[in-house]
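S.K.: Structure provided below as structure tokens; questions to follow.
The values are calculated or read from the model by the stated rules, or taken from the named source; none is laboratory data. A quick note: this is a predicted structure, and the numbers were derived from the prediction, not measured. Using ideal geometry, Cβ is built from the backbone for each residue, glycine included, and neighbour counts are taken over all protein chains shown. Protein only, heavy atoms only, side chains kept; ligands, DNA and RNA dropped before computing areas. Shrake-Rupley method; radii C 1.70, N 1.55, O 1.52, S 1.80 Å.
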Amino acid sequence: DAGHRDIARTLQYTSYVVVPLVARGRTLGALSLVSAGSGRRYTAADVPFAEDLARRAAVAIDNARLFSDSETRRRAAQTLTEVGRFLNQALDPDVVAQRITDSVRALLGVGTSVFYRVDAESLDCTVVAVSGALAKGLEPGTTLPAGAGTVGLAVRERKPVSTSDMLTDPRVQLPRELRSQLQHQPYRSVLAL
């Protein structure tokens, strides 16, 4: 495109080779080799070298991703085991809710985690426990009317709900007072289960 052409002119490319980074049949990115200023010109003989370099880089990137995913799963399994052990020992539902909320927050690395109790008949959601930054309007004991917020939507639809901006998502209904309180919070993205 014109923007890339301008960059190429500014950097004074004289030769350019680009090859895909492919591992396990998936394209992870691309490797660009650029010659500028030296006057070197890539030829067809340089392509196998670039492809070999790209294959090695793709395998290294893929291995790093697999390791990271494996570590994430290991930490999740460890946390879930700890929560399960605790749940088998705890009798107080509020203590259990707090422990789950703290564990979820730590496991996902999020700023705030909230645990709600849902009234089976009305589907109102009452905040039982909060971990992390306390959002005004979502203190323990606060009740959201049925269908309100992302949690109300998740309860109503009986499936996980995620939104990148709870204040602009047309699916998320917020009572006026709660909306005004949440507008001053540092977060917008929410996942409700």
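S.K.: If you take the square roots of the eigenvalues of the alpha-carbon gyration tensor of segment 88-139 and sort them as a ≥ b ≥ c, do you get rounded (a/c under 1.5), prolate (a/b over b/c) or oblate? Kindly include the intermediate steps, with their values, before the conclusion.
M.R.: On the way: a/c = 2.13, a/b = 1.14, b/c = 1.88.
Here segment 88-139 falls in the oblate category.
S.K.: Determine by what factor the alpha-carbon radius of gyration of segment 1-95 differs from 2.2 N^0.38 Å, reporting the quotient. Let's see the in-between values first.
M.R.: Values: Rg = 24.0 Å, N = 95, 2.2 N^0.38 = 12.4 Å.
For segment 1-95, the normalised Cα radius of gyration comes out at 1.93.
S.K.: Measuring from label point to label point, each 7 Å out along Cα→Cβ, what is the Ala120 to Ser164 span in nm?
M.R.: 4.0
S.K.: Something else: Would you please name the trypsin sites (Lys or Arg not before Pro) within segment 1-74 that are DSSP coil residues with at most 16 other C-beta atoms within 10 Å of their C-beta? Mind showing how you got there, number by number?
M.R.: On the way: sites: Arg5, Arg9, Arg24, Arg26, Arg40, Arg41, Arg55, Arg56, Arg65, Arg73, Arg74; in loops: Arg24, Arg40, Arg41.
Passing sites in segment 1-74 are Arg24, Arg40, Arg41.
S.K.: Turning to a different aspect of this structure: So what's the angle, to the nearest 10 degrees on a 0 to 90 scale, between helix 47-89 and the longest Cα principal axis of the chain?
M.R.: On a 0 to 90 degree scale, this one is about 10.
S.K.: So what's the angle, to the nearest 10 degrees on a 0 to 90 scale, between helix 2-11 and the longest Cα principal axis of the chain?
M.R.: So the helix axis and the longest Cα principal axis differ by about 60 degrees.
S.K.: Would you mind telling me the share, in percent, of accessible area of the chain contributed by carbon and sulfur at probe 1.4 angstrom?
M.R.: Working: 6830 of 12550 Å².
The nonpolar share, carbon plus sulfur, comes to 54 percent.
S.K.: What accessible area per residue comes out for the chain, rounded to a whole number of Å², with a 1.4 Å probe?
M.R.: 65
S.K.: Using r as the Cβ-Cβ distance of Glu177 and Ala77, and R0 as 45 Å, what FRET efficiency do you calculate, to the nearest 0.05? Display every interim value, and only then the final one.
M.R.: On the way: r = 41 Å, r/R0 = 0.90.
Once the sixth-power term is evaluated, E becomes 0.65.
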